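The values are calculated or read from the model by the stated rules, or taken from the named source; none is laboratory data. Values in this document were obtained by computation on a predicted structure and should not be read as measured data. Here Cβ is always computed from backbone atoms with ideal geometry, including for glycine, and neighbour counts include all displayed protein chains. Heads up: the accessible areas ignore ligands, DNA and RNA and are worked out on the full protein's heavy atoms, side chains in. Shrake-Rupley method; radii C 1.70, N 1.55, O 1.52, S 1.80 Å.
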Amino acid sequence: MAKTLFYTILASICIFVLSACSDEHKFRIGVSQCSDDTWRSKMNAEIEREALLRDDVEVEIRSAGDSNEKQIADIQYFVDNGFDIIIVSPNDAQAITPIIKKVYEGGTPVVVFDRGVIGDCYTSFQGSDNVDLGRSAAKYARHLIKGPIRAIEITGLMNSTPAQNRYRGFHQVCDSMPDFHVLGSADGRWLGAVAEQKADSLFDLFPDVNLVYAHNDNMAIAASQVARRRGLDIKVLGIDAAPEVGIQAVRDSIIDATFLYPTEGHLLLRTALNILENKPFERQYMLPAGEAVDQSNAEILLFQYRQLIESTAKVQELKSRVDQYWERHNIQTALFYAVIAISLLLIGVIFLLTRAFWQNQRNRQVLEAHNRLLSEQHRQEKEFNLRLTESTNSKLRFFTNVSHDLRTPLTLIAEPLEMLDDEHNLSENQQHLLKIARNNVDILHRLVDEILDFRRYENGKLQLHPVEADLSQLIATWLEAFRPLAKRRSIALNFTVNPDFDYSLAIDVPKIERVVFNLVSNAFKYSPDHAHIDVALSHRGADQVLIKVSDTGRGISPDDIQNIFERFYQVDKVNANGSGIGLTLAKALVELHDGSIMVESQSGQGATFSVVLPITHTSNTEPSHEPTITLSDNSLPDSDIADDSQASFDPDKPIVLVVDDNMDLRLLMRELLANDYNVIMAANGRDGLAKATRYIPDLVIADVMMPVMDGLEMCRQIKNEISTSHIPVLVVTACSMDEQRAGGYEAGADGYIAKPFNRKLFLSRCRNLIDNRKRITAASDHAPEAERPAATLPQGDIDSEFFARVMEIINAEIANPDLNVDELASRMGLGRSQFYRKIKALTNASPVELLRKHRLRRARHLLNTTEQSISEVCYATGFSAPAYFSKCFRDEFGETPSDLRSRLQGH
Ligand code: ADP
């Protein structure tokens, strides 16, 4: 918008300036005079005077000075300089005609005057009637001299037409008069000096002459002066009547008369302009011959002439002033427009500057507000970070204190457990429980140690106690602890080391053990069964060793890889098997040795951790390095496939499915439940879901945080599957916060129990949940109509819909004796045993019992409300033999159908 305005103003200025400077078109007229006598000067003055009246006309007059060459050059000059029209008085018709012809044919208009050309190669011709002039001169001579006339004639250049015509006119008259004789004539070539000589000669020849007729005034004056010198009384006539020459000479009585040869320069210019402006003009224009000028009128003509000159000078003066004013006016106009344009430009610039200023001001305000907001955010962030650090520190302090406090009770648990273990009369079961307890005491020990080490490191109090040790031997020993786990999970655990090198160096053994243990146990934690874990020890240069731990597990994404060495960082926020400080501590311990730790990994492609340690030596040695960390059976996730083989199946007991990734916990729960239930187990949600669908247990107990599929997802899927939807799910978790509980209920969990749990509470929750399942049976038992048992159940419940559908099939086919459990199961899209367990769980009765009960209820209803015979009722409810019908009826209702009928009739 601003730019457009600016450009508009600029364009207007350009237009103003250009229009002020532009020059209108001017007609350029070139005038070529053959010579510069007074007659021609008069004519030139007339032309210039006429041109003064037109602003659009520019006239340039050149005189050839009686030279043909000069005149040709002048004409060429006009052509070369682009003159619009050329006005020519040819010096010599013969010499000048070719150039005039060329110009005329070249397209430039030519006006010929005074003297003619050969042929008609001109646009217009203006001449005077020279014949008539000659005649006037002769007649005037007759009038002047009463007696016989003896005349001599001095002609103009006899090649020029005026001279020829003046000669002809004069002779026409004198030839007609008897006493008028022209004694002789000579060519004076229009020039006084030539005429003087010629007159002298003629006077010599004809001494009695009494009249001189000269073709122009100059020649007449020259002849008169010769005659006077000789003392002759002769009348002298001239032609042209140029004021300063001819008329003056008449007035001064030097000559007797002269004849006005009209100049009419203004007419000549008008003709030229008419041609240029395409207006009508006369091609041949002859000016009539003028009056004689003699003593009677010479004075007045001279006076008039001088007046004219004076007026012309005044007009010229006025004209030049007007021109000056006009020029000034033009300059002022241009200045005026320039001032307007500059003002507009200034206004535009001021407008733009003001706008920019305000915009700047606004931007600055916005920026300031933004900055204020940013610094406020920054302050809040700083405050938050401070609070976070404080809270983390106080948490760490708390953990450290708790860890310290835990050590004593842990020792007090561990020692009695050791002692108990030494007892020989323990049952297998008790030994098993003891092992679980010992394993978990070890885990707690390790965690407490890690936290304390970490705290020491953070406080800068973790000290290095290097001893000289053989790292390759140590690693080999440490890895042994992982072998059983590797075997159970079919993981290939390899240790490669180049035996040619020596790996003795100064290290703090327990600390490096923790590092290696951490890396290897992470490799196990984050790799599936059948994976490969490689540990390699090598030299890097002469002064470093490199420990590489690589696995083919799930790997680490680029986003996470930058953070895994940060404390408490865990890729899975729900990870039951980690604390998030393992790698932080490992890094700290390696750096304490002046070493470094790096990781390379890609999601899904395994991970490789590299530890570089500098080779230094010390004289400190320690005889043996017993591993300080024991790998308890359950410190790492175990194989997905839980071992159910020991379970002996008792068909009278309900089935409970325990899903937990912690094997100890699974085993403990199995111990607790084994007396009252058949227990099956799964190590993760996916396995749990498969087993729930396969066995249709009476209860599922599930941990929330599990690998592969968590407990809540498994619960959600169990509840959405028709064959398992009825199974109650009890969720066991270490998270006891209310919102997590709500999450569990949203997923359809029927109960929630927090770890660590009380044995009795746990068992009673299990029993309650199994008992509650019998609600449908109860509902159907109390239903007034046997065919609508589902009517009392909540709508939309998968189980209610399932049961309603079963009842619908039974009701529709009640008279069909072939309707059996297989038929019903297949029509419900379930396997026979799944259908059996589902119906049993929902109704506490087997499908066969359910079917029979409904047949009997329908039968009693028919007996009560219709007149049908007993055998009709028997067949109508799908019994094929009346005797069997009677027996079943009595077993169900305590009386036979006939008893019922007779009781009814008795009433
Ligand atoms: P944690 O106790 O959770 O294992 P660590 O500090 O040992 O804590 O590890 C931090 C995180 O780094 C882990 O939660 C895990 O996501 C990731 N991680 C460590 N080692 C591996 C590995 N070998 N493969 C994949 N992820 C790993």
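Numbers for the structure displayed
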| item | result |
| --- | --- |
| The range 288-383: equivalent-ellipsoid semi-axes (sqrt of 5 x gyration tensor eigenvalues, Cα, Å) | 88, 9, 5 |
| Intensity falloff of the chain expressed as log10 I(q)/I(0), Debye formula with alpha-carbon point scatterers, at q = 0.08, 0.10 Å⁻¹ | -0.94, -1.12 |
| Kirkwood hydrodynamic radius (C-alpha pairs) into Stokes-Einstein, the range 344-429, 10 °C and 1.306 mPa s, D in µm²/s | 79 µm²/s |
| The chain, accessible surface, carbon-and-sulfur percent (1.4 angstrom probe) | 53 percent |
| Relative contact order (percent, whole number), the range 508-570, Cα cutoff 8 Å, 6+ residue spacing | 27 percent |
| Separation in nanometres of the label points that stand 7 Å from Cα toward Cβ, at Asp652 and Asp676 | 1.6 nm |
| The chain, dipole about Cα centre (Lys/Arg Cβ +1, Asp/Glu Cβ -1), debye to the nearest 20 | 2180 debye |
| Distant alpha-carbon pairs in the range 809-907 (separation over 19 angstrom), percent | 44 percent |
| Which of Asn429, Leu412, Ile350, positive extreme of dipole for the range 331-479 (C-beta unit charges) | Ile350 |
| Förster radius 45 Å - calculated FRET efficiency between Ile347 and Gln284, Cβ distance, rounded to 0.05 | 0.10 |
| Alpha-carbon gyration tensor eigenvalues x 5, square-rooted, for the range 213-297, Å | 35, 11, 10 |
| Spin-label model distance (nm) - Thr354 vs Arg387, 7 Å beyond Cα toward Cβ | 5.0 nm |
| Theoretical gain in end-to-end length, Glu566 to Ala313 [0.36 nm per residue, Cα-Cα removed] | 80.1 nm |
| Segment Arg362-His465, extension gain: residue separation times 0.36 nm, minus the distance between their alpha carbons | 30.5 nm |
| Calculated FRET efficiency for the pair Leu374/His25, C-beta based, R₀ 56 Å, to 0.05 | 0.20 |
| The range 127-163 residues near the modelled Leu205 label - backbone nitrogen below 20 Å, point 7 Å along Cα→Cβ | 149-160, 163 |
| Label-to-label distance, nm, for residues given as Arg270 and Leu410 (7 Å Cα→Cβ offset) | 13.5 nm |
| Rg and Dmax of the range 65-193, Cα atoms only, in Å | 18.1, 59 |
| Positive-end residue, the chain charge dipole about Cα centroid, Cβ charges, pick of Ile247, Leu462, Ser880 | Ser880 |
| Förster-model FRET efficiency, 30 Å R0, Arg832 and Ile798, C-beta, rounded to 0.05 | 0.90 |
| Placed amide H near Ile87: partners under 5 Å, 5+ positions off or other chain | Gly30, Val31, Ser32, Val111 |
| Span from the the range 326-380 Cα centroid across to the the range 505-546 one, whole angstrom | 71 Å |
| Restraint check, Lys525/Lys548; Lys487/Lys691; Lys719/Lys840; Lys653/Lys840; Lys139/Lys235, Cα-Cα greater than 21 Å | Lys487/Lys691 |
| Fraction of beta bridges assigned by DSSP in the chain that are antiparallel (%, nearest 5) | 30 percent |
| Potential lengthening between Glu746 and Thr896 on full extension [0.36 nm per residue; Cα-Cα distance subtracted] | 49.0 nm |
| Nearby lysines by direct alpha-carbon distance to Lys319 (threshold 27 angstrom, same-chain neighbours under 8 apart not counted) | Lys26, Lys42, Lys279 |
| For the range 810-882 and the range 451-485, distance of Cα centres in Å | 71 Å |
| Estimated [θ] at 222 nm from DSSP helical runs (n ≥ 4, -39500 (n - 2.57)) normalised by residues in the chain, nearest 500 | -17500 deg cm²/dmol |
| Selection from Val117, Val31, Gln76 lying farthest towards where the dipole of the range 18-130 points positive, charges on Cβ | Val117 |
| Dipole magnitude (debye, nearest 20) for the range 93-205, charges at Cβ of Lys, Arg, Asp, Glu | 140 debye |
| Heavy atoms of Trp326: accessible area, 1.4 Å probe, square angstrom to 10 | 150 Å² |
